[in-house]
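Written out below as structure tokens is the structure these notes cover.
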Amino acid sequence: MIRLGPARLERIVALGAHCDDIAIGAGGTLLTLCLAHPGIRVDVLVLSGGGSEREQEEQAALAAFCPDADLRLTVLKLPDGRLPAHWEEAKNAVEELRERTEPDLVLAPRTEDAHQDHRGLAQLVTTAFRDHLVLGYEIVKWDGDLGRPVAYQPLSPELAEQKVRLLQEHYASQRHRPWYDREAFLGLARIRGIECHARYAEAFSVTKLTLDLGD
């Protein structure tokens, strides 16, 4: 498989519509990045769950998924499933985040995601982070919207297991959901691993990518 890597990696941004979105879609990638780059700055914006137990879960989870990172987390209080009705507030939050950081990498939902909150946030990200590498993570769900990703981050078996363990450990409020289990998370990671000649992987969509093939 062809492998590409950024010239530098000092700051990243991660965005989620809900607490646990980022960890489900890119938790293994966050672990990979933070373990390889101690002290890396990670700016996180989550649109819903502020002031609830979900925010507390998110704080503890992302601290575990971003070991030794300069983690800066903001969790807003937008109502779940109502992003279109709160478009201006969400747009302002994304733009404010953009104003205070110049990331080398952005992790966000896919623009093809069937969930309206995920899809809406993805559309906002493309308007604010125009000159950045944006990787759109995927979230397994009832809608059945998984597609054909174009970018992969391989995960070792140990890292894949650590991701699942942290998801189960920190998001107690989600354990009742029928899709929120070890088989679902490892099953998707195994399929994505097959696609990139690895044991496990997380996969991403890429809207735009500029190549530099010169000297």
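The values are calculated or read from the model by the stated rules, or taken from the named source; none is laboratory data. The shown structure was predicted, so the numbers you read here are calculated from the model rather than taken from an experiment. Heads up, the Cβs are rebuilt from the backbone with ideal geometry, glycines too, and the neighbour counts pull from every protein chain shown. When the accessible area is computed, the model is the full protein with side chains, heavy atoms only, and any ligands, DNA or RNA have been set aside. Shrake-Rupley method; radii C 1.70, N 1.55, O 1.52, S 1.80 Å.
Miscellaneous remarks
- For region 79-125, applying the loop criterion from DSSP together with a ceiling of 16 other beta carbons within 10 Å to the trypsin sites (Lys or Arg not before Pro) yields R82, R100.
- Helical content alone sets the calculated 222 nm signal of the chain at -12500 deg cm²/dmol, taking -39,500 (n - 2.57) per DSSP H segment of four or more residues and averaging over every residue.
- For region 85-187, the convex hull spanned by the alpha carbon atoms encloses 144 Å³ per residue.
- Separation of alpha-carbon centers, region 140-172 and region 97-115, rounded to whole Å: 18 Å
- Accessible surface ranking that places the most exposed of E88, E95, E58 first, with a 1.4 angstrom probe: E88, E95, E58
- When the chymotrypsin sites (Phe, Trp or Tyr not before Pro) in region 97-152 are filtered for DSSP coil states and for at most 16 other beta-carbon atoms within 10 Å of their beta-carbon, the remaining sites are W142.
- Per-residue SASA entry for V44, accessible area with 1.4 Å probe, Å² rounded to 10: 0 Å²
- Proportion of all alpha-carbon pairs of region 31-144 beyond 26 Å (%): 16 percent
- When the alpha carbon gyration tensor of region 144-215 is reduced to an equivalent ellipsoid, its three semi-axes come out at 28, 14, 12 angstrom, largest first.
- Using heavy atoms of the protein chains and a probe of 1.4 Å, the accessible area assigned to T127 is about 60 Å².
- Projecting the Cα atoms of G187, F65, P6 onto the dipole axis of the chain, where Lys and Arg carry +1 and Asp and Glu carry -1 at the beta carbon, places G187 farthest toward the positive end.
- Taking label points 7 Å from Cα along the Cα-to-Cβ direction, Q56 and A172 give a separation of 0.8 nm.
- You can think of it this way: the chain between R82 and D212 has 42.8 nm of extra reach, that is 0.36 nm per residue less the Cα-Cα gap.
- Of the residues V42, Y200, P79, the one whose Cα sits farthest towards the positive end of the charge dipole of the chain is Y200 (charges of +1 on Lys and Arg Cβ, -1 on Asp and Glu Cβ, taken about the Cα centre).
- Using heavy atoms of the protein chains and a probe of 1.4 Å, the accessible area assigned to K77 is about 150 Å².
- Point-charge dipole on Cβ atoms (K/R +1, D/E -1) for the chain, about Cα centre, debye to 20: 360 debye
- With only Cα atoms counted, the chain has Rg and Dmax values of 16.1, 54 Å.
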